[in-house]
Amino acid sequence: HLSEGYKRTTYFQKFLVTGLLVIFLVLLIFPASKEQKYSNNTVDALPASILHIFYHPELKFQFPIPRNWQFVNAPTMVQMAPESGNAVLAFMLSPEKEMNAAVQTFREQYSSVQITQQRDDRINGMNARMLRGRQVDQQSQQVIEVLVYLIEYGGNIYKWIGMAQQQAYNTYDRAFMRSIEGFDRLTDAAKLNREPERLDIYELPQSTSLRNALQRAGIPGSRLEEFAILNGMQLTDQLSRGTLIKVIE
């Protein structure tokens, strides 16, 4: 399962220490109903605080990722986090098609989150609902601030969930909002016509490390860590002949 890979990354290990993973694991229990693989592209003429633009040619949307934030491009969600591991922002497709139903489902699934604010909003002309809340980790007693945005677009409801420890939340709120407010329609014909990446299964012909196996399967060096996370392993893990790993088609 993909959650195994997330728990083994450095920043998600840090979430476990701070209690953030308690909330985040719920996201993995209730994944999006449509398993869409996202595509990303680097755009040079962006503000200094932004590095990547994620776009989806089939569902026709795009949004920015904060500069220097690590991200995991998974089939059911996109997850973003600073290298410090003190915050997390997740984007996913909600299974509900109606705003009130999506809000109600969120409240039921995350009943441990105390909602402190809720209001209607507009994101680039699209109907949206904002919720703010907090959760107290029962073991550490640390307070986790939670930001939720539900955005209605193209017959779907898209869900954003941002989380950080209470004492550090103000440091990350602006980064959360830049990505959320940057969610917009994709109109670039060149990107709309681009085919999304598809995953394939690669069988190891001999025993080797995951790093070597990914390189032999054609994964570029810049994406080795991403595919290690996707496979729920470390690049240094030793794999036996016949092991199956996920690669690009």
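The values are calculated or read from the model by the stated rules, or taken from the named source; none is laboratory data. Model, not experiment: these values are computed from the prediction. With ideal geometry, Cβ positions are generated from the backbone for all residues, glycine too; neighbour counts draw on all protein chains shown.
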Does residue 86 fit the bill of being surrounded by 20 or more Cβ atoms within 10 Å (Cβ to Cβ), modelled with pLDDT under 90 and over 9 Å from the mean Cα position of the chain (by Cα)?
yes
Breaking point among (1) modelled with pLDDT under 90; (2) among the aliphatic types (A, V, I, L, M); (3) in contact with a helix residue (DSSP H, G or I) (Cβ under 6 Å, 6 or more places away or on another chain), for residue 189:
(3)
Considering only residues of segment 192-209 that are surrounded by 16 or more Cβ atoms within 10 Å (Cβ to Cβ) and out of contact with any helix residue (DSSP H, G or I) (no Cβ under 6 Å at 6 or more places or on another chain), which is nearest to residue 146 (Cα to Cα)?
202
Name the pairs whose Cβ atoms lie under 6 Å apart, with the first residue in segment 128-157 and buried (at least 17 other Cβ atoms within 10 Å of the Cβ), the second among the aliphatic types (A, V, I, L, M) and assigned to a loop (DSSP other than H, G, I, E, B), and 6 or more positions between them or separate chains?
133/113; 135/113; 146/113
Filter result (of a type in the set (A, V, I, L, M), assigned to a loop (DSSP other than H, G, I, E, B) and under 20 Å from residue 74 (Cβ atoms)) within segment 191-217:
217
Take the residues in segment 211-232 that are farther than 25 Å from residue 54 by Cβ and surrounded by 18 or more Cβ atoms within 10 Å (Cβ to Cβ); name whichever of them is nearest to the chain's Cα centre (by Cα).
211
